[in-house]
Amino acid sequence: MDVISGHLKTHQIFGVPLMILLQDHMPAWEAQIKRLIDIVASALVLVGGAPAWLLLAGIIKWTSPGKAIYNQSALDRTGKHSSCINSVPCMRTPKSTPGRNGRRKKTRV
């Protein structure tokens, strides 16, 4: 894309092609306008999406037993404990199935 837009210069050093990418793609005022549009668009998505996310959390809470959002402890690769917030829309309650000896056993999912 940069080759087409003219933001790339090519040179040769001992017959080897060398490409130089120009860093100033847009003037400072265009970068500021772009940043402003990014902030406004992300704020609109957050404000517009919040009611739908709250409605979804409420539906999950009313139709599922237990919590809709919960804290979970996890280990990172260095062995330190950290906590993360999870939601429960994909969890199912365990089903019971007949075992070999006729008793009902619990399966994981």
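No lab work stands behind these numbers, since they all come straight from the coordinates. It should be emphasised that the depicted structure is a prediction, and the values quoted were computed from it without experimental measurement.
Near Ser64, no amide H atom lies under 5 Å from its own; only residues 5 or more places off or on other chains count, and H is placed 1.01 Å from N. With 5 Å bins beginning at zero, the pair-distance distribution over Cα atoms of the stretch 2-88 amounts to 2, 10, 9, 9, 9, 9, 10, 9, 11, 9, 6, 4, 2, 1, 0 %.
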